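S.K.: Would you mind keeping the following structure in view while I ask a few things?
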Amino acid sequence: MSSTRPFTPGDRGPEADGASGMSEGGAAVPPESSAGRQVRRLSFDGASGVVPLARDFARQALYAWGWLPAATADQRAAAEDVLLVVSELVTNACLHAEGPDELWIALDNKVIRIEVSDKGNGQPAPRTPHRAGRPGGHGMFIVQRLCLDWGVVRSPGLAGKKVWAELGAPA
């Protein structure tokens, strides 16, 4: 199910103090945390190879948050789902929106929220009907199937959007 609401019920949204988790120049800095919420940001400004860069960044966050190394098959699958969704959202921004601007990943209790911002005006949506046997066009279908929820946030008066997705931890 897709949604255009900016945040899911109970989600506090972006950090109220404006802290970005990034240093000048776009390098990742140690994560922020408050009351169980941990946030990491990665700027893609001037970067090449953004999909593997995003996956590596997300993998480091999963290690820091204890999702990796996985002790069980369910935990391993949950971590792989997060990495796949990161890849799909960043790839979608590359293919349809002139590339991503920033990746934001946050852990709040047992939910991971991923946001990818870009300058594109398009509206991401799974292709319908979905045709599993054809190459390409599966990214948002994969996101829809793996995530608890996902959506698009636009800021009035600004170009671009944030595509967000949320995944749950294994039981």
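S.K.: Could you give each residue of segment 155-162 its phi-based ³J(HN,Hα) in whole Hz, using Karplus coefficients 6.51, -1.76, 1.60 with θ = phi - 60°, and x for Gly or Pro?
M.R.: The phi angles translate into 9, x, x, 10, 6, x, 6, 10 Hz.
S.K.: Under 21 Å from the Cα of LYS119, which lysines turn up, not counting those fewer than eight places away in the same chain?
M.R.: LYS161, LYS162
S.K.: Could you give the accessible area per residue of segment 67-171, probe 1.4 Å, as a whole number in Å²?
M.R.: I get 50 Å² per residue for this part.
S.K.: Another question, if that's okay. How much net charge surrounds GLY120 when only the other residues with a Cβ under 12 Å from the Cβ of GLY120 are counted, with Lys and Arg +1 and Asp and Glu -1?
M.R.: Counting the neighbours of GLY120, the net charge comes to +1.
S.K.: Let me ask something else about it. So how much accessible area does PHE57 have, in Å² to the nearest 10, using a 1.4 Å probe?
M.R.: The accessible area comes out at roughly 20 Å².
S.K.: To the nearest Å, what is the center-to-center distance of segment 144-171 and segment 62-117, using C-alpha atoms only?
M.R.: 11 Å
The values are calculated or read from the model by the stated rules, or taken from the named source; none is laboratory data. This structure is a prediction, so every number in the text was calculated from the model and none was measured. As a convention, Cβ positions derive from the backbone with ideal geometry for all residues, glycine included, and neighbour counts pool all protein chains shown. To get the accessible areas, we keep the full protein, side chains included, count just its heavy atoms, and leave off ligands, DNA and RNA. Shrake-Rupley method; radii C 1.70, N 1.55, O 1.52, S 1.80 Å.
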